[in-house]
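Structure first, commentary second.
The values are calculated or read from the model by the stated rules, or taken from the named source; none is laboratory data. Owing to the predicted nature of the structure, the values given are computational and were not obtained by experimental measurement. We place every Cβ from the backbone using ideal geometry, glycine too, and count neighbours over all the protein chains shown. These accessible areas exclude ligands, DNA and RNA; they are computed on the full protein's heavy atoms, side chains included. Shrake-Rupley method; radii C 1.70, N 1.55, O 1.52, S 1.80 Å.
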Amino acid sequence: AMHQEKDCLFCRIARGEVPSRKVYEDDDLVAFHDINPAAPVHFLVIPRAHLVNLYDADESQAPLLGRLFGVIGRLAREQGCNDGFRVVVNNGRVGRQEVYHLHIHIMGGPEPLRSGR
Ligand code: AMP
Ligand code: ZN
């Protein structure tokens, strides 16, 4: 839509227009705690750029996507995921994506994850 970036929740969080508990931010990326955590530590990492999901990504975004994955390990450790963590990216209807701005879930914490496979 024409006003996608204007109205997108995660674009608004990235711009600071909607409050969030930020974990990290730089020129390209923002990380913030999930408002409805599914694990003792659960935060999201997003590109500031509005990519809808991985259907919207191609090799031209490889440097950005590389940076995105490149900060996760450090942030996970800083947030207390010292014994492993899970990374999830939900895409589209079948992936049960709720917010249509690409985001990576990082889920872990000091305790073992109970829910899951
Ligand atoms: P999904 O699109 O299925 O990967 O899920 C979107 C995630 O965003 C869910 O885990 C929500 O709890 C989370 N979420 C929704 N609104 C906010 C918000 N305002 N701040 C932080 N997390 C949010
Ligand atoms: Zn957006």
Let me have the relative contact order for the chain, percent, based on Cα pairs under 8 Å that are six or more residues apart.
29
In degrees from 0 to 90, rounded to the nearest 10, what is the angle of the helix 62-78 Cα long axis to the longest principal axis of the chain?
30
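Using a probe radius of 1.4 Å on heavy atoms only, what accessible surface per residue do you get for the chain? Whole Å² is fine. Don't skip to the end; give the middle numbers.
On the way: 7380 Å² over 117 residues.
Per residue, the chain has 63 Å² of solvent-accessible surface.
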Kindly provide the helix-only [θ] at 222 nm of the chain, computed as the sum of -39,500 (n - 2.57) over DSSP H runs of four or more divided by all residues, to the nearest 500 deg cm²/dmol?
-7000 deg cm²/dmol
Packing-based ranking, highest mean first, of 71-77, 10-16, 108-114 given that Cβ atoms within 10 Å are counted
10-16, 71-77, 108-114
Check the chain for me: any Cys whose beta-carbon has no other cysteine beta-carbon within less than 4.7 Å?
Cys81
Express the carbon and sulfur contribution to the solvent-accessible surface of the chain as a percent, rounded to the nearest whole number, probe 1.4 angstrom.
51
